[in-house]
Amino acid sequence: MSITMTQDRRANPKDPNAGQHAQDMTDLQATAATLLLRSNRLSVSLILELLDIGDAQFRELSKCNEEIARLLDQRRRGELQIEEPELKACPGCSEWFIPYAGQRCCSDECYRIASIRT
Ligand SMILES: [Zn+2]
């Protein structure tokens, strides 16, 4: 009886996933940061605010993430490429949409309508 209790107490672990959760969060923030840094409409300080991370933490992120470091360099040199999405009028419904990978219509449905009508 006393042995079982001792074993139970010894088996009580610290949360083994605690470190992993922190790592996942950093990965998530790094991914979000690279996406946000590509938009020249967002300032770095706004990005930090959006991600809820401090200057020091962001510096750490940029040190271990090449993509973030590269984007920051681009920003510093003012060479951030403007990737404005090009709007296109859908031949099916005449609505404006942002074509993805050479997409001709805003939806499959409109694509069908457009191919019937032309
Ligand atoms: Zn459409």
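Bear in mind these aren't lab numbers, they're just calculated from the coordinates by the rules spelled out. On a predicted model such as this, the values are computed, not experimentally measured, just so you know. Cβ: placed from backbone, ideal geometry, glycine included. Neighbour counts: every protein chain shown.
Things worth noting here:
- Ordered by the count of other Cβ atoms within 10 Å of each Cβ, fewest first, CYS110, CYS93, CYS64, CYS105 give CYS64, CYS93, CYS110, CYS105.
- Each Lys or Arg adds one and each Asp or Glu takes one away; over the other residues whose Cβ falls under 11 Å from the Cβ of ALA33, this sums to -1.
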